[in-house]
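The values are calculated or read from the model by the stated rules, or taken from the named source; none is laboratory data. Values in this document were obtained by computation on a predicted structure and should not be read as measured data. FYI the Cβ positions are ideal-geometry reconstructions off the backbone, even for glycines, and counts take in every protein chain you see.
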Amino acid sequence: MSSSDQNAFRGPIDSSRIPRYAGPATFARLPRLDEVGTADVAVVGVPFDSGVSYRPGARFGGNAIREASRLLRPYNPAQDASPFALAQVADAGDIAANPFNINEAVETVEAAADELLGTGARMMTLGGDHTIALPLLRSVAKKHGPVALLHFDAHLDTWDTYFGAEYTHGTPFRRAVEEGILDTEALSHVGTRGPLYGKQDLTDDEKMGFGIVTSADIYRRGADEVADQLRQRIGNRPLYISIDIDCLDPAHAPGTGTPEAGGMTSRELLEILRGLSSCNLVSADVVEVAPAYDHAEITAVAASHTAYELTTIMSRQIAAGRAAR
Ligand SMILES: N=C(N)NCCCC(=O)O
Ligand SMILES: [Zn+2]
Ligand SMILES: [Zn+2]
């Protein structure tokens, strides 16, 4: 498509004509995928939380983020871009995963992701608990080879098993390293904090190839410096960003299943993401929003803005790729 066709992309419902609280919620009031046929960025929900170790409820996260995203506007000044005019972004609905069989759910998510990525779309996934990052990464790696990973989270999520289970929200990234689907030269956790099971958690994690930017590092060094360092490590490798909303302090994200004190602010998270806007972001997820513990949509609003920044990064790159052709 040439640049003169850019206005052909169908954007959000105009909130100056139809009140933004009217009608069913899609992400940012964008069209559904079936209304536009194909999309450059497919926003997809995964209402699954059978992998959690503490408070349940992230199965309702995707829809809470969609509801909170009604207030997003089409121009993103922080990245000087109108993400929904640069590329076709659409809401692809939900992946229906079996809540009673985690192994089957993991297969279902992988197959659905294969289908969406196979259309040429990048995925902006709204969780769901963190278990779903594994099948999403599997699918992305089938397309791009092992990918760089930026993992925003209070937790490492590289633990081995819980109650003997391999697929849980605390274990996706160990499985991913074992499966060889991550580029071990470019793996970072960001926002890590809180008590661990033992020091071994950290040594195991380091052996897998992860670097760690703790939440205290962000406070001390600032978002810009952290983003610069991450960008240098990633270079132009295909990048996947996985954001567990519990990377934020519980003051900024109370609505989550395993909250830990001492986290980054939503401003710091958004600023770090903006600092990564030149990275080759192939897909991303925002997970672990559990609206039952939320207040005044604090968490869902933060998650909706997070997904908006990620979508903007992808749309800008898609448009730049088109212009270069
Ligand atoms: N929130 C995520 N993804 N993982 C937390 C696991 C913490 C635990 O139960 O040890
Ligand atoms: Zn977490
Ligand atoms: Zn997590």
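Of the residues Asp244, Asp285, which single one is touching a His at 6+ places or on another chain (Cβ under 6 Å) and within 16 Å of ligand 2 (Cβ to nearest atom)?
Numbers: Asp285 fails: touching a His at 6+ places or on another chain (Cβ under 6 Å).
Result: Asp244 is the single residue among Asp244, Asp285 that is touching a His at 6+ places or on another chain (Cβ under 6 Å) and within 16 Å of ligand 2 (Cβ to nearest atom).
For the range 270-283, does any single residue satisfy the condition of being surrounded by 23 or more Cβ atoms within 10 Å (Cβ to Cβ), touching a helix residue (DSSP H, G or I) at 6+ places or on another chain (Cβ under 6 Å) and over 25 Å from Arg221 (Cβ atoms)? I'd like the intermediate steps shown before the answer.
Here is the first cut: in the range 270-283, the ones surrounded by 23 or more Cβ atoms within 10 Å (Cβ to Cβ) are 272-273, 281, 283.
After this cut, where a residue has to be touching a helix residue (DSSP H, G or I) at 6+ places or on another chain (Cβ under 6 Å) as well, the list is 272-273, 281, 283.
Cutting the leftovers down to over 25 Å from Arg221 (Cβ atoms) gives us 283.
Yes, that holds for at least one residue.
Out of Asp228, Asp153, Asp183, which single residue is surrounded by 21 or more Cβ atoms within 10 Å (Cβ to Cβ) and among the charged types (D, E, K, R)?
Values: Asp228 fails: surrounded by 21 or more Cβ atoms within 10 Å (Cβ to Cβ); Asp183 fails: surrounded by 21 or more Cβ atoms within 10 Å (Cβ to Cβ).
Only one candidate passes the filter, namely Asp153.
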Practice problem: Out of the residues in the range 231-250 that are over 30 Å from Ser53 (Cα atoms) and surrounded by 20 or more Cβ atoms within 10 Å (Cβ to Cβ), state the one that is farthest from the chain's Cα centre (by Cα). | Solution: Ile234
Quiz item: Is it the case that the range 199-206 has a residue that's crowded, with 22+ Cβ neighbours inside 10 Å, of a type in the set (D, E, K, R), within 16 Å of ligand 3 (Cβ to nearest atom) and more than 23 Å from Val46 (Cα to Cα)?
Solution: yes
Exercise. Have a look at Pro254, Pro250 and point out the one that is within 16 Å of ligand 1 (Cβ to nearest atom), at pLDDT 95 or above and in contact with a Pro (Cβ under 6 Å, 6 or more places away or on another chain).
Key: Pro250
Quiz item: Any chance the range 287-301 includes a residue that's under 22 Å from Leu117 (Cα atoms) and either within 16 Å of ligand 1 (Cβ to nearest atom) or buried (at least 24 other Cβ atoms within 10 Å of the Cβ) (or both)?
Solution: yes
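Which of the residues that make up the range 71-82 are out of contact with any helix residue (DSSP H, G or I) (no Cβ under 6 Å at 6 or more places or on another chain) and surrounded by 15 or more Cβ atoms within 10 Å (Cβ to Cβ)? So that I can check it myself, show each step before the final result.
So the first thing to find is which residues in the range 71-82 are out of contact with any helix residue (DSSP H, G or I) (no Cβ under 6 Å at 6 or more places or on another chain), and the list is 71, 73, 75, 77, 80, 82.
Passing the criteria: Leu71, Ser82.
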Quiz item: Got at least one residue in the range 189-196 being of a type in the set (D, E, K, R), in contact (Cβ under 8 Å) with a residue 40 or more places away in the chain, within 12 Å of ligand 3 (Cβ to nearest atom) and more than 19 Å from Glu107 (Cα to Cα)?
Solution: no
Exercise. May I ask you to list pairs of residues, at least six apart or on different chains, whose Cβ atoms are under 9 Å apart, with the first in the range 137-161 being within 16 Å of ligand 1 (Cβ to nearest atom) and the second being hydroxyl-bearing (Ser, Thr, Tyr) and in a helix (DSSP H, G or I)?
Key: Phe152/Thr306; Ala154/Ser215
Practice problem: Within the range 121-133, identify whether any single residue is within 16 Å of ligand 3 (Cβ to nearest atom), among the hydroxyl-bearing types (Ser, Thr, Tyr) and either touching a residue at least 24 places away in the same chain (Cβ under 8 Å) or in a loop (DSSP other than H, G, I, E, B) (or both), and answer yes or no. | Solution: yes
Practice problem: Could you please let me know if Asp228 is more than 18 Å from Leu310 (Cβ to Cβ) and either in contact with a Gly (Cβ under 7 Å, 6 or more places away or on another chain) or at pLDDT 95 or above (or both)? | Solution: yes
